[in-house]
């Protein structure tokens, strides 16, 4: 048992994360468009639909639009452009 073995850590090195400030809070969502972003995780579509129904019941003056990126875990500039151009806010739903 004098043999040595080499063990490699599969976790690698975490990237440096730089925090950003949250967007300013809107005074009201009435009359605004809120995008519900289905991030394509397991069960996220069900969660987004429940969230849409909640808005419909509790905040009927808010227009919600469901949007999905082309791929999970990949930035979608077109989706971000659509939200920025047409929306007042966005909620990212990652599922259950």
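Selection within the range 50-81: residues that are assigned to a helix (DSSP H, G or I) and touching a strand residue (DSSP E or B) at 6+ places or on another chain (Cβ under 7 Å). The member of this set that is nearest to residue 25 (Cα to Cα) is 55. Within the range 11-30, the only residue that satisfies the criterion of being touching a strand residue (DSSP E or B) at 6+ places or on another chain (Cβ under 8 Å) and at pLDDT 95 or above is 29. Scan the range 83-91 and give yes if some residue there is in a strand (DSSP E or B) and either over 12 Å from the mean Cα position of the chain (by Cα) or surrounded by fewer than 14 Cβ atoms within 10 Å (Cβ to Cβ) (or both), otherwise no. Yes, the range 83-91 contains at least one residue that is in a strand (DSSP E or B) and either over 12 Å from the mean Cα position of the chain (by Cα) or surrounded by fewer than 14 Cβ atoms within 10 Å (Cβ to Cβ) (or both).
The values are calculated or read from the model by the stated rules, or taken from the named source; none is laboratory data. Only a predicted model underlies this, so the values are computations on that prediction, with no experimental measurement involved. Glycine also receives a Cβ, built like all others from the backbone with ideal geometry; neighbour counts cover every protein chain displayed.
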